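*Asks:* Below is a structure I'd like to ask you about.
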Amino acid sequence: MGDLFIEVKEVTKVFGGRAEQALQMLKSGKGKDEIRQQIGVNVGVDRASFNIDRGELFVIMGLSGSGKSTLLRCLNRLIEPTAGSITIDGTDITRLKKGELLQFRQKKMAMVFQKFALLPHRTVAENVAFGLEIQGVGKEERLSVAKKQLASVGLEGYEDQFPHNLSGGMQQRVGLARALANDPDILLMDEAFSALDPLIRDDMQNELLHLQHQLHKTIVFITHDLNEALKLGDRIALMKDGVVVQSGRPDDIISNPANEYVERFVRGVDLTKVLTAADVMRRPSPLLRVKDGVRVALRKLREAGLSSGFVVGEQQKLKGMIAADELVAAIGKKLETVEQCEIRAVDTVVPETNVEDLFQLVVQTGYPLPVVDEEGVLHGLVLKASILEALASQGGVANEFSTSEAAT
Ligand code: ADP
Ligand code: MG
């Protein structure tokens, strides 16, 4: 296991007075709605518990109003938890006095918001350097840090621009650079990409994964989008009505939804991002073997109605593809076995390739894609039809497509 870094235990936040009474009601099993109706207190977070390892990208997801922002803000005590403890790197931050807390925050944490919250009359570099300025870092040094951070998010050369000259995606890169300028251990990101166009959003997600790969920050990332959660999260906590209803690795959540709420979420997932070649491949049949006689190979193809086929050697290792015409020509040339013929090299994919990528490849290549492991062993074939069928059987996206497919 990893190195425990953030430990959240039974954290609860109730808004409004009568906190003790609300806590008692939660303990006796009453829910958020009931408590609001009975005593007019709004439960933001109800006894949330989870651990985050150092270097983890931890996603908190849930519908709007489920308590994500409240929980995130409890982690740096921008919101004071009503009960529970939050231990970060061995320090229970719920016990820190104000001055200690400020210092702790400044040293360890930074936040990235959905609305980038850049200062409009400062240049991009000055925005990034703002936190350092507050800490009294000299101008030259802080601007040099800003420049470096801007380069790390792909904004080299934009130092002297003003925020309004930048697109939304670029402004959020500035927000990210600003958060990184302090070199915090923990990044708290509240729907940081939710306001961006889908393509830009995708870019930013990739950028974040790339940065994370280099920097190994501990990131708590909030989203209401399950696809984003699955793409980014090492682990995901799902919230509903203030409660963490499930937490786990993305594939645990997909394959084992803990309750109906999670299942409903999961059903809306874009399966093209979750299914892999291994999930949709078919058994390769018929297969030609290098030692097959040329006539035997040709007959196998004709019986299956194929104009070409894949050739494997020992231990099912893929050699390539051969066309029936080639075999006919080989008979004319008195060649004996398949291995004496010209075997064409083919594109292959690994079992982990996701369906989204597969679909493009299978359309480009025009033949079924062989799924081959690191040892070169052929595991199966991905046909356009097998992708569509898998998607259709798991939730019906593909019905409008034809599932028939010409033989190769
Ligand atoms: P999310 O970020 O998942 O959309 P929030 O954490 O913002 O959800 O809100 C969780 C619940 O707490 C909601 O019911 C919301 O109305 C309530 N809430 C949030 N902030 C306050 C506040 N300052 N005062 C009263 N209720 C609040
Ligand atoms: Mg929110």
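The values are calculated or read from the model by the stated rules, or taken from the named source; none is laboratory data. As the structure is a computational prediction, the values presented were derived from the model and not from experiment. In this analysis, Cβ positions are derived from the backbone assuming ideal geometry, glycine residues included, and neighbour counts consider all displayed protein chains. Quick note on the areas: whole protein, heavy atoms, side chains included, nothing else; ligands and nucleic acids left out. Shrake-Rupley method; radii C 1.70, N 1.55, O 1.52, S 1.80 Å.
*Asks:* Run the numbers on region 263-369 and let me know its relative contact order in percent, using alpha-carbon pairs under 8 Å that are six or more apart. Display every interim value, and only then the final one.
*Replies:* On the way: 133 pairs, mean separation 33.5, N = 107.
Relative contact order of region 263-369: 31 percent.
*Asks:* Between residue 317 and residue 273, how high is the FRET efficiency from 1/(1 + (r/R0)^6) when r is the Cβ-Cβ distance and R₀ = 35 Å? Nearest 0.05. Present the calculation step by step, with values, prior to reporting the outcome.
*Replies:* Numbers: r = 30 Å, r/R0 = 0.87.
After rounding to 0.05, the efficiency reads 0.70.
*Asks:* What percent do you get for the relative contact order of the chain when only Cα pairs under 8 Å and 6+ apart count? Don't skip to the answer; put the middle values down first.
*Replies:* Numbers: 731 pairs, mean separation 59.5, N = 408.
Dividing the mean separation by the residue count of the chain yields 15 percent.
*Asks:* Share of the chain's accessible area from carbon and sulfur, percent, 1.4 Å?
*Replies:* Working: 9620 of 20410 Å².
Here carbon and sulfur together make up 47 percent of the probe-accessible area.
*Asks:* Given charges of +1 on the Cβ of Lys and Arg and -1 on the Cβ of Asp and Glu, with all other atoms neutral, how large is the dipole of region 109-182 about its Cα centre, in debye to the nearest 20? Each step should come with its number before you reach the end.
*Replies:* Working: 8 positive and 7 negative charges, 42 e Å.
The dipole of region 109-182 has a size of about 200 debye.
*Asks:* Do any of 273/317; 291/334; 9/107; 300/334; 9/68; 147/273 go past 26 Å between their Cα atoms, and which? List each step's numbers first, then the result.
*Replies:* Numbers: 273/317 28 Å; 291/334 15 Å; 9/107 23 Å; 300/334 19 Å; 9/68 16 Å; 147/273 35 Å.
273/317; 147/273, as the Cα separations exceed 26 Å there.
*Asks:* What is the dipole size for region 221-374, taken about its Cα centre, with +1 at each Lys and Arg Cβ and -1 at each Asp and Glu Cβ, in debye to the nearest 20? Write down the numbers at each step before the final one.
*Replies:* On the way: 20 positive and 24 negative charges, 165 e Å.
Dipole about the Cα centre, nearest 20: 800 debye.
*Asks:* Taking 0.36 nm per residue of sequence separation and subtracting the Cα-Cα distance, how much length would be gained by fully extending the chain between residue 197 and residue 151, in nm to one decimal? Before the final figure, lay out the partial values.
*Replies:* On the way: separation 46, 0.36 × 46 = 16.56 nm, distance 2.24 nm.
Gain on stretching residue 197 to residue 151: 14.3 nm.
*Asks:* Where does helix 355-365 land angle-wise versus the long Cα axis of the chain, in degrees 0 to 90, nearest 10?
*Replies:* Tilt of helix 355-365: around 30 degrees.
*Asks:* On to the next question. Could you work out how far helix 198-215 tilts from the main Cα principal axis of the chain, as a 0 to 90 degree angle to the nearest 10?
*Replies:* On a 0 to 90 degree scale, this one is about 80.
*Asks:* Suppose only helical runs count, i.e. DSSP H with n ≥ 4. What mean residue ellipticity at 222 nm does that imply for the chain under -39500 (n - 2.57) per run, divided by all residues and rounded to the nearest 500 deg cm²/dmol? Let's see the in-between values first.
*Replies:* Numbers: 17 runs with 158 residues, N = 408.
Computed ellipticity for the chain at 222 nm equals -11000 deg cm²/dmol.
*Asks:* Please calculate how many Å² of accessible area region 1-129 carries per residue, with a 1.4 Å probe and no DNA, RNA or ligand atoms counted.
*Replies:* Values: 6260 Å² over 129 residues.
Value returned for region 1-129: 49 Å² of accessible area per residue.
*Asks:* Can you tally the net charge around residue 233? Count Lys and Arg as +1, Asp and Glu as -1, for every other residue whose Cβ sits under 14 Å from the Cβ of residue 233.
*Replies:* Values: positive: 68, 231, 235, 249, 273; negative: 53, 56, 225, 228, 234, 251, 252.
Value of the local net charge: -2.
*Asks:* I'd like to check one number: the per residue accessible area of region 244-400, probe 1.4 Å, reported in Å² as a whole number.
*Replies:* Working: 8580 Å² over 157 residues.
Computed with neighbouring chains in place, this is 55 Å² per residue.
*Asks:* Highest mean first, what order results for 242-248, 113-119 on Cβ atoms within 10 Å? Walk me through the intermediate numbers first.
*Replies:* Details: 242-248: 20.4, 113-119: 16.1.
Highest mean packing first, the order is 242-248, 113-119.
*Asks:* Continuing with this model, one more query. In square angstrom, rounded to the nearest 10, how much accessible surface does residue 331 have for a 1.4 Å probe?
*Replies:* 40
*Asks:* Over region 180-243, give the accessible area per residue in Å² for a 1.4 Å probe, as an integer. Let's see the in-between values first.
*Replies:* Details: 2360 Å² over 64 residues.
Averaged over the residues of region 180-243, the accessible area is 37 Å².
*Asks:* Here's a follow-up. Separation of region 222-277 and region 45-71 by C-alpha centroid, Å?
*Replies:* After rounding, the separation between the Cα centres reads 13 Å.
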